[in-house]
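To start, the structure under review is shown below, and the notes come after it.
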Amino acid sequence: MSDQFIPFHLPSIGAEERAAVARVLSTGWLTTGPCAQAFEREFAHFIGVKHALAVNSCTAALQLALDAIQLRSGDEVLVPTYTFAATAEVVTYFGARPVLCDSVEDGFNIDSADVEQRITARTKAIIPVHIAGDPCGLDTLHAVAKRHKLHVIEDAAHALPAALQGRRIGSISELTAFSFYATKTITTGEGGMLTTNNDAYAARIRKMRLHGISADAWNRYAREGSWYYEIEDAGYKMNMPDILAAVGSAQLTKCELFRQQRAAIAAAYSNAFAAMDELEPPPVANRGDEHAWHLYILRVRPELLNITRNEFIAELKNAGIGTSVHFIPLHMHPYYRKHGYESATFPRAEDAYRRCISLPIYPGMSDSEIARVIDAVRQTAARHRARRAAA
Ligand SMILES: *Cc1c(COP(=O)(O)O)cnc(C)c1O
């Protein structure tokens, strides 16, 4: 049926994932164990990093990363305002303050010049986010961090797989957090991974993700393990169960294929929209870098249209196209407004928010569905072209 609704997202789950879950269910060991360990090894190899630590969400990974750098009450952490709730809320868990930063001039990522302006004596770290999978300019951010002795923790929830000059995101900064949430580029339903090349961080994270206990449950209960354990810290409950890790391993084998399929959809969209002034395709990665294309964030130009972005979204919905908005900048939300974040200081993020529409982009889309999205967007823009005064 050609006029069926095209959802904003559908996960790409195949026979391999179903078989992997069935295998784990039949073993009798459901929680963290050999499958989680295997997934970690495979992930570390894929990224090209020494340690990959599986956890139950990217939010948990970010929290463990901030614990590893010993974030303390009263510290400040620089984060983009243009991101999801998780990037900043993890900072508040420590009694520290997220300091919001504006986006780059014509993109969605955090602006390193704005970052540097907001550094104080209390600043401890920067959490850049690779919005949509477009890798941030880490060279510049690392130079800023080095000048001011700050940690860099990447929120790579959108950036699997992405790369800068052949180096995969996840292998570059001290600590990098990935998400396997249901809508992300690979999924375990819920889940996350923290990568690092630092042995001390890895040991700390391994301990803190499971109650601050010295050996994890698998080692304790396995035949060769011991009943003895010691609680060395007040830790967290953030481990990834084997049922989900098995799904993750199956998804990881398709990660690069999925990326190519999304990149092809992005290219088709951008080609189709390039000639229309009312539509602004998202930035592409720099030469030699690799974009994960987790999201395709189209911006409309409301000044050339007689409808708003919200009305544009409503028209696409009527045409059977599911869309989303990434993101409502953090400083525009009630919690942050209540806590003294001023609206006027983030003009670029606000402009992007006012104009952005995320279009469907996932491997399961058929050619005819991609064509329908393109037609609906182009026709909506053409139908609502603002009448301009004659010269
Ligand atoms: C999805 C997302 C997260 C959180 O991921 P979870 O695995 O759901 O905790 C964090 N940051 C960004 C930018 C995200 O889009």
For this session: Output the relative contact order of the range 1-147, whole-number percent, from Cα pairs under 8 angstrom with separation of 6+ residues.
Result: 16
For this session: Give the shape of the chain as rounded, prolate or oblate, defined through the alpha-carbon gyration tensor: a ≥ b ≥ c are the square roots of its eigenvalues, a/c under 1.5 means rounded, and otherwise the shape is prolate if a/b is larger than b/c and oblate if not.
Result: oblate
Problem set entry | Radius 13 Å from Cβ of Y353, net charge of other residues (Lys, Arg +1; Asp, Glu -1) | +2
Exercise. Do you know the relative contact order of the chain, to the nearest whole percent, from alpha carbon pairs under 8 angstrom that are 6+ apart?
Worked result: 22
For this session: Take the alpha carbon gyration tensor of the range 146-265, find the square roots of its eigenvalues, order them as a ≥ b ≥ c, and report rounded if a/c is under 1.5; if not, report prolate when a/b exceeds b/c, else oblate.
Result: oblate
For this session: Rounded to the nearest 10 degrees, what's the angle between the helix 309-318 long axis and the longest principal axis of the chain, both from Cα atoms, 0 to 90?
Result: 90
Exercise. Counting pairs of alpha carbon atoms under 8 Å apart in space and at least six apart in sequence, what relative contact order in percent does the range 247-340 give?
Worked result: 19
Exercise. If you add up the charges near R168, with Lys and Arg at +1 and Asp and Glu at -1, over every other residue whose beta carbon is less than 12 angstrom from its beta carbon, what do you get?
Worked result: -2
Exercise. Where a Cα-Cα gap under 23 Å defines reach, which lysines qualify for K237, not counting those fewer than 8 residues away within the same chain?
Worked result: K184, K207
For this session: Could you check how many percent of all C-alpha pairs in the range 1-138 are farther apart than 26 Å?
Result: 45
Exercise. Loop-only check: which chymotrypsin sites (Phe, Trp or Tyr not before Pro) in the range 10-110 are DSSP coil with at most 15 other Cβ within 10 angstrom?
Worked result: Y93
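All of the numbers you see were taken from the coordinates with simple rules; none came from a lab. Here the structure is a predicted model, which is why all the values come from computation and not from measurement. Because the Cβ atoms are built from the backbone with ideal geometry, glycine has one as well, and the counts that use them run over all protein chains shown.
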